[in-house]
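The values are calculated or read from the model by the stated rules, or taken from the named source; none is laboratory data. Treat the numbers as computed from the prediction; the structure is a model and nothing was measured. When we count neighbours, we look across all protein chains shown, and the Cβ atoms used for this are built from the backbone with ideal geometry, even at glycine. The accessibility values were calculated without ligands, DNA or RNA, using every heavy atom of the protein model including side chains. Shrake-Rupley method; radii C 1.70, N 1.55, O 1.52, S 1.80 Å.
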Amino acid sequence: MARRKKIYEGKAKILYEGPEPGTIVQYFKDDATAFNAEKKDVIDGKGVLNNRLSEYFMTGLNQIGVPTHFIRRLNMREQLVRNCEIVPLEIIVRNYAAGSLSKRLGIAEGTQLPRPIIEYCYKDDALGDPLVSEEHIAAFGWASQQDMDDILSLALRVNDFMSGVMLAVGIRLVDFKIEIGRVFEGDFQRLIVADEISPDSCRLWDIETGQKLDKDVFRRDLGNLADAYSEVARRLGVLPKSNVAKPTLIN
Ligand code: TMP
Ligand code: ASP
């Protein structure tokens, strides 16, 4: 069998050429990084959990008519996704103050925001993904005004969906990051939710206790990351408790 072609290797995922034109295989690694990869570790089972959780969220979004790149899960660590051209922006949606917003503006973590706040970062690891304004985005041509209208609408729909799904299992969606891809259909281009949606890219706090169930557990050395992600998966019914994060299941 011919070796498949690696297209790109990122910090948490590897992309391979897919079996049909226009498709990509997205492989979830166990690597965890923070602070632009200054902090690194390998967390047994993280890739398996994120593959399943991203499948769960993306499938739900597809079902309510929010287009995503997700086609189907292939195995424990891989999913088939639509090939798309990633808009070079990280789209952050915040419902409560935390992380860099709290630091930048001096607002206590956990403060409820008057409305969801959307921020954009320019995707460039060498620059540390700097915060940018819509002025920068327009002036440098990273996205058109129409794209930005569509991105805002997608981001708010993802926020409503994710907030509801999490609330139902006693988890507060504090904030999250998504990436958006362009797909071309004849003369038209369409924007879809791409990359992943997982506890790597969200802040998730238990509503009762405030316990963190996301990558801040790793960023801030708060405990075992796989246990936190397993708890999210268990509450959502994504994996039965006994199957979660066992390295023996990884293929
Ligand atoms: P921040 O408060 O550090 O700016 O993070 C905001 C949200 O974005 C949080 O849910 C974590 C997520 N995020 C990523 O997914 N990737 C990143 O590289 C960073 C910095 C944050
Ligand atoms: N994903 C980023 C990194 O590796 C930052 C983060 O999520 O905190 O370095």
Self-check item: Residues satisfying the stated conditions in the stretch 72-130, i.e. part of a loop (DSSP other than H, G, I, E, B) and acidic (Asp, Glu)
Solution: Glu109, Asp124, Asp129
Exercise. Please work out which one of (1) away from ligand 1 (no atom under 14 Å from the Cβ); (2) touching a residue at least 24 places away in the same chain (Cβ under 8 Å) is the condition Pro114 fails and give its number.
Key: (2)
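Does Lys46 qualify as being crowded, with 21+ Cβ neighbours inside 10 Å, more than 22 Å from Leu191 (Cα to Cα) and within 16 Å of ligand 2 (Cβ to nearest atom)? So that I can check it myself, show each step before the final result.
On the way: crowded, with 21+ Cβ neighbours inside 10 Å: yes; more than 22 Å from Leu191 (Cα to Cα): yes; within 16 Å of ligand 2 (Cβ to nearest atom): yes.
So Lys46 fits the description; yes.
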Quiz prompt | Those residues of the stretch 170-204 which are outside any strand (DSSP E or B) and either under 16 Å from Thr59 (Cβ atoms) or open to solvent by less than 30 Å² (accessible area, probe 1.4 Å) (or both), in sequence order | solution = Gly170, Asp195, Glu196, Ile197, Ser198, Pro199, Asp200, Ser201
Quiz item: Within the stretch 151-158, can one find any residue that is more than 25 Å from Glu109 (Cβ to Cβ), exposed (fewer than 12 other Cβ atoms within 10 Å of the Cβ) and without any contact (Cβ under 8 Å) to a residue 12 or more places away in the chain?
Solution: no
Self-check item: Filter result for Val66 (part of a helix (DSSP H, G or I), open to solvent by less than 50 Å² (accessible area, probe 1.4 Å) and more than 16 Å from ligand 1 (Cβ to nearest atom))
Solution: no
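When you go through Tyr16, Tyr8 one by one, which is the residue that is more than 21 Å from Cys202 (Cα to Cα), away from ligand 2 (no atom under 16 Å from the Cβ), assigned to a strand (DSSP E or B) and of a type outside the set (Asp, Glu)? Can you show your working first?
On the way: Tyr8 fails: away from ligand 2 (no atom under 16 Å from the Cβ).
Residue meeting the stated conditions: Tyr16.
Return the only residue of Asp200, Asp214, Asp206 being away from ligand 1 (no atom under 12 Å from the Cβ) and of a type in the set (D, E, K, R). Steps first, answer last, please.
Working: Asp200 fails: away from ligand 1 (no atom under 12 Å from the Cβ); Asp214 fails: away from ligand 1 (no atom under 12 Å from the Cβ).
Asp206 is the lone residue from the list that is away from ligand 1 (no atom under 12 Å from the Cβ) and of a type in the set (D, E, K, R).
Table: residues versus (1) modelled with pLDDT under 95; (2) within 16 Å of the chain's Cα centre (by Cα); (3) not aromatic (Phe, Trp, Tyr).
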residue	(1), (2), (3)
Met1	yes, no, yes
Ile24	no, no, yes
Phe28	no, yes, no
Lys46	no, yes, yes
Pro67	no, yes, yes
Asn83	no, no, yes
Leu89	no, yes, yes
Ala98	no, no, yes
Exercise. For Gly223, indicate whether it is farther than 25 Å from Arg104 by Cβ and part of a strand (DSSP E or B).
Key: no
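Only residues that are under 23 Å from Gly128 (Cα atoms), open to solvent by less than 90 Å² (accessible area, probe 1.4 Å) and either of a type outside the set (Gly, Ala, Ser) or not in a strand (DSSP E or B) (or both): list them for the stretch 19-41, please. Let's see the steps before the verdict.
If we filter the stretch 19-41 for residues that are under 23 Å from Gly128 (Cα atoms), which is where we start, we get 28-41.
Keeping just the survivors that are open to solvent by less than 90 Å² (accessible area, probe 1.4 Å) gives 28-34, 36-37, 39, 41.
Those that are under 23 Å from Gly128 (Cα atoms), open to solvent by less than 90 Å² (accessible area, probe 1.4 Å) and either of a type outside the set (Gly, Ala, Ser) or not in a strand (DSSP E or B) (or both): Phe28, Lys29, Asp30, Asp31, Thr33, Asn36, Ala37, Lys39, Asp41.
Hey, can you tell me all the residues within the stretch 20-37 that are of a type in the set (A, V, I, L, M, F, W, C), away from ligand 2 (no atom under 12 Å from the Cβ) and out of contact with any Phe, Trp or Tyr (no Cβ under 8 Å at 6 or more places or on another chain)? So that I can check it myself, show each step before the final result.
So the first thing to find is which residues in the stretch 20-37 are of a type in the set (A, V, I, L, M, F, W, C), and the list is 24-25, 28, 32, 34-35, 37.
Checking which are away from ligand 2 (no atom under 12 Å from the Cβ) leaves us with 24-25, 28.
Matches in the stretch 20-37: Phe28 only.
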